[in-house]
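Below: the structure, in C-alpha cells.
The values are calculated or read from the model by the stated rules, or taken from the named source; none is laboratory data. Worth saying up front: this structure is predicted, and the values here are computed from it rather than measured. All Cβ positions, even for glycine, are placed from backbone atoms using ideal geometry, and neighbour counts span all protein chains on display. Protein only, heavy atoms only, side chains kept; ligands, DNA and RNA dropped before computing areas. Shrake-Rupley method; radii C 1.70, N 1.55, O 1.52, S 1.80 Å.
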Amino acid sequence: MGQQYVIGVIVANVSGVLSRVSGMFTRRGFNIDSLTVGETESSGFSRITIAFHGDDDMKERILQQLQKLHDVREVEVLDTKDSVIRELLLIKVRNKAEIRQDIMTAVEIFRSKIVDYSPTSLTCELTGETSKIDAFIELLKPFGIMEMCRTGIVAIERGENCLKTVK
C-alpha cells in the first residue's frame with residue numbers, strides 16, 4: 001500500500017477543473033483516499049487537498065501530471081509533521097435510555113458535541129485527525145450507528161509556510 005501522501009493543489013476556480021484533476025488519477029490507475037475542495041482566500045482560486053497511498057515514484061508521477069494540467073497553478077506535497085491535518089465527522093447513533101450515558105461519556109472524552117437530539121437518535125460532530133475520527137467511530141459502533149458522513153481531510157502548513165494563490 002505504501003506511505004500516505006497529502007498534496008495541496010491550487011487551481012483556477014472554473015467549471016470542470018475538479019473533474020480533470022480526479023480524472024488524471026483515474027486514467028493512471030491511482031486511488032484517491034480523500035479529496036476535498038473549496039474556495040481559497042482569493043475567490044478566483046480553489047484549493048484541492050488530495051490524500052493517497054503510494055511510493056515515491058508514484059508521488060513524483062502524480063506531481064508531474066498535476067503540474068501539466070491547464071488550470072493547476074500550484075502543487076505541493078505537505079509534510080505531515082509540519083502541517084495541521086483535520087477531518088470532520090457527522091455521525092448519527094441510536095438514542096436509547098440504557099446507552100445514552102455511555103454515548104455522552106464518549107462525546108465528552110473525544111471533545112465531540114451533540115448537534116442534533118431526538119427521542120430516537122443523537123447526531124454528533126467531531127473534528128480531528130483521521131485516527132481520532134476512526135477511534136470515535138469504533139467506539140460508537142456497539143451503540144448502533146444509523147448514518148455517518150466524513151468530509152475527507154483538509155490540511156494547511158504550520159507557521160509562515162503557505163501554498164500561495166497566484167494573483
Just the accessible area per residue of the chain, please: how many Å² with a 1.4 Å probe? 58
From phi via Karplus (6.51, -1.76, 1.60), per-residue ³J(HN,Hα) for the stretch 37-43 in Hz, x at Gly/Pro: 8, x, 5, 9, 5, 10, 4
Counting only protein heavy atoms and a 1.4 Å probe, tell me what percentage of the chain's accessible area is made up of carbon and sulfur. 49
With label points built 7 Å along Cα→Cβ from the Cα atoms of Lys68 and Arg158, find their separation and express it in nm. 3.6
If you line up the Cα atoms of the stretch 1-43 on their principal axes, what length do they span on each, largest first, in Å? 36, 20, 11
Please give the residues of the stretch 63-95, grouped as numeric ranges, whose backbone N is less than 13 Å from a label point set 7 Å along the Cα-to-Cβ vector of Thr127. 85-90
In whole angstrom, the spacing between the Cα centers of the stretch 41-64 and the stretch 96-164 equals 26
Calculated log₁₀ intensity ratio I(q)/I(0) where the Debye formula runs over C-alpha points of the stretch 40-167, q = 0.11, 0.23 Å⁻¹: -0.55, -1.31
Near Lys59, which aspartates and glutamates are there with a Cα under 14 Å away, not counting those fewer than 8 places off in the same chain? Asp33, Glu76, Asp79
If a paramagnetic tag sat 7 Å from the Cα of Thr151 along the Cα-Cβ line, which residues of the stretch 15-34 would have the backbone N under 19 Å from that point? 33-34
